[in-house]
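The values are calculated or read from the model by the stated rules, or taken from the named source; none is laboratory data. Computed from a predicted structure; not experimentally measured. Every residue, glycine among them, receives a Cβ derived from its backbone with ideal geometry; neighbour counts consider all protein chains shown. Quick note on the areas: whole protein, heavy atoms, side chains included, nothing else; ligands and nucleic acids left out. Shrake-Rupley method; radii C 1.70, N 1.55, O 1.52, S 1.80 Å.
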Amino acid sequence: MTDITSQTQAALAAIGAATSLETLEEQRLDALGKKGWVSLALKTLGGMSPEERTAAAPAIQSARAAIADALDIRKAALEAAELEARLARETLDLTLPAAASPKGSVHPVSQVMDELAEIFADLGFAVATGPEIEDDWHNFTALNMDETHPARAMHDTFYFPDKTSDGKDILLRTHTSPVQIRSMLDQGAPIRIIAPGRVYRSDSDATHTPMFHQVEGLVIDRDIHLGHLKWTLETFFKAFFEREDIVLRLRPSYFPFTEPSVEVDVGYSTEGGRRVVGGHGDAPGHAWMEIGGSGMVNARVLEFAGVDPAEYQGFAFGLGIDRIAMLKYGMNDLRAFFDGDGRWLAHYGFSPFDQPTLSAGVGAKA
Ligand code: FA5
């Protein structure tokens, strides 16, 4: 008994005198470690008679509790002292000049938006914008999707709990097509615009993200036909990918706001795991990738937007900007676009001085 008392006192004294976390750990192992004297003393209880155990156990238990408490207290004190010392040691002089200057870069989506605007400006298109928080009239109804239209369900829309003062649902726009309506209502026909911007759908995998970017195109004039649409897209993609062998495939499709509707695919091959645009998608080693929807603007949409369908018609398209950025610059996971990882941005980002121009090349990388 006296043995335990004196051993405990010696241990408490050593713990109190420990000047580093390492020596404190040695003290802990010496007493409470698997082979420590307290642990060994506890083990002897198993071989005792019940009477002996009742007599011996409280002393060992209280020795263990006292040592554990002392270890905790000393550990907290040593840690606090160490933190104080570190804070005193690691000073930072904010008035010193930076060792490396901060280096930002232009995100590939922003770069591609500038490239698009440059190419379409050359084709006579103005850039239009619309709100990302839309009402369901502009996003759906005026695009020929009334409340019961099944295509509304295909968009996985994010709705707000509130409504507009005149009772319309408020939502995050699911595509850039409402800018068609806003532009036609604002400026009437003829019209030639592109509308790049953010759109939102509840969707997520390697090629779908809940927020992504589209560019809408709209041309309304007299005698516009599907041939103009194909020429415009082909001319755009040749300039964008800076190659002449771009082959587009227009596939019959359905959008409520265009009639007829066509889905646009571009031929590509895979070289060293990287998709390279060009060539016929059905050629050996090639495939087609969907990059957008398009068609002739439905007469009902013109009516909703106050344009006389007897006098005017036109085409519209909506392309996934992130998709064409991936194709041009060789990324394979769309989600990385929005992770904000500095290493990804340093690799795929552009110098702010690398402004896309038709004369210098829309895709030149500094
Ligand atoms: C539309 O959004 C139509 N508004 C396009 C349109 C405009 C058709 C004008 C006719 C006239 P769609 O849902 O297919 O269509 O989307 C168009 C493109 O956006 C797709 O081809 C794809 O490139 C891209 N896209 C769609 N969903 C996602 C997503 N979750 N993540 C990234 N890109 C997407």
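I want to check a number: in the chain, how many lysine pairs have alpha carbons closer than 25 Å, given a sequence separation of 8 or more or different chains?
11
Would you mind getting me the FRET efficiency between E242 and R89? Use the beta-carbon distance for r and R0 = 56 Å, nearest 0.05.
Calculated transfer efficiency: 0.50.
Scan the chain and report its longest stretch carrying no trypsin sites (Lys or Arg not before Pro) that are both in a DSSP loop and have at most 13 other Cβ atoms within 10 Å.
244-364
Using the Kirkwood radius over Cα pairs, work out the Stokes-Einstein diffusion coefficient for the stretch 272-366 at 20 °C and 1.002 mPa s, in µm²/s as a whole number.
125 µm²/s
Identify, among A68, F317, T157, the residue whose Cα sits farthest towards the positive end of the charge dipole of the chain, taking +1 on the Cβ of Lys and Arg and -1 on the Cβ of Asp and Glu, with the dipole about the Cα centre.
Selected residue: A68.
Over the alpha-carbon set of the stretch 140-265, work out the extent along each principal axis and list the three values in angstrom, largest first.
Extents along the principal axes: 49, 40, 24 Å.
Can you grab the distance from the C-alpha centre of the stretch 221-260 to the C-alpha centre of the stretch 70-145, Å, no decimals?
Using only Cα atoms, the two centres lie 36 Å from each other.
With label points built 7 Å along Cα→Cβ from the Cα atoms of E259 and A77, find their separation and express it in nm.
For the pair E259/A77, the computed spacing is 8.7 nm.
Computed on alpha carbon atoms, what radius of gyration and Dmax characterise the chain, expressed in Å?
Over the chain's Cα set, Rg and Dmax evaluate to 35.1, 110 Å.
How far, in degrees from 0 to 90, does helix 21-32 lean away from the longest principal axis of the Cα atoms of the chain, to the nearest 10?
With rounding to tens, the tilt is 60 degrees.
Positive end of the dipole of the stretch 29-173, charges at C-beta (+1 Lys, Arg; -1 Asp, Glu), about the Cα centre: which of T129, P50, G167 has its Cα farthest in that direction?
My answer, from the dipole projection, is P50.
S39 to R198: FRET efficiency via 1/(1 + (r/R0)^6), r the Cβ-Cβ distance, R0 51 Å, to the nearest 0.05?
0.20
Any chance you could run the full-extension gain for D221 through H286? It's 0.36 nm times the residue separation minus the Cα-Cα distance, nm to one decimal.
Going from the current span to full extension adds 19.7 nm.
So if each residue of separation counts as 0.36 nm, and I subtract the Cα-Cα distance between E22 and D3, what length gain in nm does that give?
Fully extending the segment from E22 to D3 adds 4.2 nm.
Pairs of alpha-carbon atoms within less than 8 angstrom and 6+ residues apart define the contacts here; what relative contact order does the chain have, in percent?
Worked out over the chain, it gives 16 percent.
Ignoring ligands, DNA and RNA, what percent of the accessible area of the chain is carbon or sulfur (1.4 Å)?
After summing per-atom areas, the C and S share lands at 55 percent.
Size of the dipole of the chain about the Cα centre, Lys and Arg at +1 and Asp and Glu at -1 on the beta carbon, nothing else charged, in debye to 20?
In total the dipole reaches around 960 debye.
Determine, from the Cβ-Cβ distance of D186 and F338 and an R0 of 30 Å, the FRET efficiency 1/(1 + (r/R0)^6), rounded to the nearest 0.05.
0.45
Report, largest value first, the span of the C-alpha coordinates of the stretch 2-89 along each principal axis, in whole Å.
Sorted largest first, the three principal extents are 58, 20, 15 Å.
Mind checking the full-extension length gain between W231 and M48? Use 0.36 nm per residue of separation minus the Cα-Cα distance, one decimal, nm.
Length difference between fully extended and current span is 56.2 nm.
Just for the chain, what percent of DSSP beta bridges are antiparallel, to the closest 5?
Beta bridges within the chain, antiparallel portion: roughly 95 percent.
For the residue pair F158 and A55, what label-to-label distance in nm results when each label sits 7 Å from Cα along the Cα-to-beta-carbon direction?
7.5 nm
Keeping every protein chain present and rolling a 1.4 Å probe, give me the accessible area per residue for the chain in Å².
Per-residue accessible area for the chain comes out at 53 Å².
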